[in-house]
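What follows is one structure encoded as structure tokens, with my remarks underneath.
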Amino acid sequence: MNRKIRMGMVGGGRGAFIGAVHRIAAAIDQQIELVCGAFSSDPERSKASGADFFLPAERCYGTFQEMIEKEKALPVGERMDFVAIVTPNHMHFPPAKLALENGFHVLSDKPACFDLAESKALGEVVKASGRLYGLTHNYTGYPLVKEARDMIKAGKLGKIRKVVVEYPQGWLATRLEASGQKQAGWRTDPSQSGAGGCVGDIGTHAENLAEYITGLRISELAADITSFVEGRLLDDDVNVLLRFDNGAKGILHSSQISVGEENNLNIRVYGEIGGIEWHQREPNTMLVKWLDQPMQVYRTANGYLGKNAASASRTPPAHPEGYLEAFANIYKNFANHIRAFESGTTPDEVALDYPKIEDGIRGMAFIEAVVASSKGNAAWTRLDV
């Protein structure tokens with residue numbers, strides 16, 4: 001396939017936050033072009049948003065149903081190749097299902113769906129469609145996150161014993177949703193966000209990062225969640241004990257009422273002979289700790305890193321790479337997998353390195369287990385996967 005991969009977008013129009021991030025990430029490596037979209041549930045806003053992106057008027061659709069129907073009717077050489085879904089949670093499943101059933105690949109924002117039942121149903125749709133499905137757990141795109149995963153997979157830290165992962169924010173320390181702020185509004189609304197507030201919005205990032213880096217799976221958990229802000233309908237603070245499938249233990253904390261915190265995602269993993277520590281606020285540095293030698297400092301883009309970390313780096317050492325570039329790595333790998341898929345060739349292993357529907361189902365199972373455990377006074381609860 002000797003051309004750019006063509007992307008359609010659902011959501012992400014005027015007034016949206018994450019849509020712009022997706023468009024920037026998709027464009028960084030010049031492998032993908034935005035060709036159409038249904039950018040809002042308001043048809044007029046959708047078409048106006050498409051005009052903002054200088055798309056042809058006939059490719060700016062009033063609904064995602066119209067977009068999928070009309071794109072499918074176009075010649076193969078013109079229609080979109082995949083759909084990026086950047087809507088609130090309750091609108092992830094319907095366009096994903098329709099796109100897959102009509103032969104289009106899907107890359108969705110997280111969490112995968114509104115609830116676990118939807119995500120399992122979507123898993124069956126993905127399987128039946130034979131199309132590709134990806135999920136933008138973008139923190140897995142950082143070079144040193146990939147290096148940590150590869151070190152653990154190679155056994156360099158020994159058997160993993162303990163995982164501590166945290167994602168505190170402070171932006172919802174007040175009842176911001178009451179002011180009409182759009183991003184706060186839907187994230188704290190059970191009819192749009194689902195059963196989890198903080199746990200669905202950022203707790204799933206912490207869960208996914210822990211499983212991605214360690215290669216382990218959370219088997220059961222004990223959770224205590226709280227809505228600290230008076231009048232808030234969903235949780236804004238989450239504290240979870242974890243048990244992994246190899247016997248390792250863990251602690252997961254996510255919060256949106258931790259005053260002064262700015263997306264302070266971080267993780268520490270401890271094995272029998274070594275450990276790693278990584279902070280999203282300083283993503284180009286990873287501390288590697290040893291039982292019997294001094295601590296080492298790993299830095300992005302240096303020659304001593306492995307293949308996966310190298311493939312995720314774009315600039316020379318000490319030139320900052322961060323959130324947008326990590327996000328772009330998900331898009332780049334997904335695009336390269338589409339290219340191989342459509343060409344009938346075997347994809348490079350790097351192209352397969354992006355979150356898939358199985359990760360989405362695990363994320364939804366995590367949310368529902370956390371909520372159920374907390375309702376049971378932090379009772380140990382197994383993930384329903």
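Each residue in segment 274-312 was checked for being part of a loop (DSSP other than H, G, I, E, B), within 12 Å of residue 151 (Cβ to Cβ) and in contact with a Phe, Trp or Tyr (Cβ under 9 Å, 6 or more places away or on another chain), and 2 of them qualify.
Criterion applied to 359, 384, 353, 348 was being surrounded by fewer than 17 Cβ atoms within 10 Å (Cβ to Cβ) and closer than 23 Å to residue 113 by Cβ, and the one residue passing it is 384. Kindly evaluate residue 309 against the criterion of being in the same structural domain as residue 163 (by TED's automatic domain parsing), among the aliphatic types (A, V, I, L, M), in contact with a helix residue (DSSP H, G or I) (Cβ under 8 Å, 6 or more places away or on another chain) and in contact (Cβ under 8 Å) with a residue 40 or more places away in the chain. For residue 309, the condition - in the same structural domain as residue 163 (by TED's automatic domain parsing), among the aliphatic types (A, V, I, L, M), in contact with a helix residue (DSSP H, G or I) (Cβ under 8 Å, 6 or more places away or on another chain) and in contact (Cβ under 8 Å) with a residue 40 or more places away in the chain - is met.
With respect to the conditions (1) at pLDDT 95 or above; (2) in contact with a helix residue (DSSP H, G or I) (Cβ under 8 Å, 6 or more places away or on another chain), residue 14 falls short on a single one, namely (1).
Per this entry, residue 384 is counted among residues that are assigned to a loop (DSSP other than H, G, I, E, B) and over 14 Å from residue 141 (Cα atoms). Within segment 149-173, being within 18 Å of the chain's Cα centre (by Cα) and either closer than 22 Å to residue 247 by Cα or charged (D, E, K, R) (or both) holds for 149, 165, 166.
A search for C-beta distances below 8 Å between a residue of segment 139-167 that is in a helix (DSSP H, G or I) and any residue that is buried (at least 21 other Cβ atoms within 10 Å of the Cβ) and among the basic types (Lys, Arg), counting only pairs 6+ apart in sequence or on different chains, returns 140/146. Checking each residue in segment 207-231 for being more than 14 Å from residue 245 (Cα to Cα), in contact with a Ser or Thr (Cβ under 6 Å, 6 or more places away or on another chain) and surrounded by fewer than 23 Cβ atoms within 10 Å (Cβ to Cβ) picks out 222, 224.
The values are calculated or read from the model by the stated rules, or taken from the named source; none is laboratory data. Here the structure is a predicted model, which means the values were calculated and not measured. Here Cβ is always computed from backbone atoms with ideal geometry, including for glycine, and neighbour counts include all displayed protein chains.
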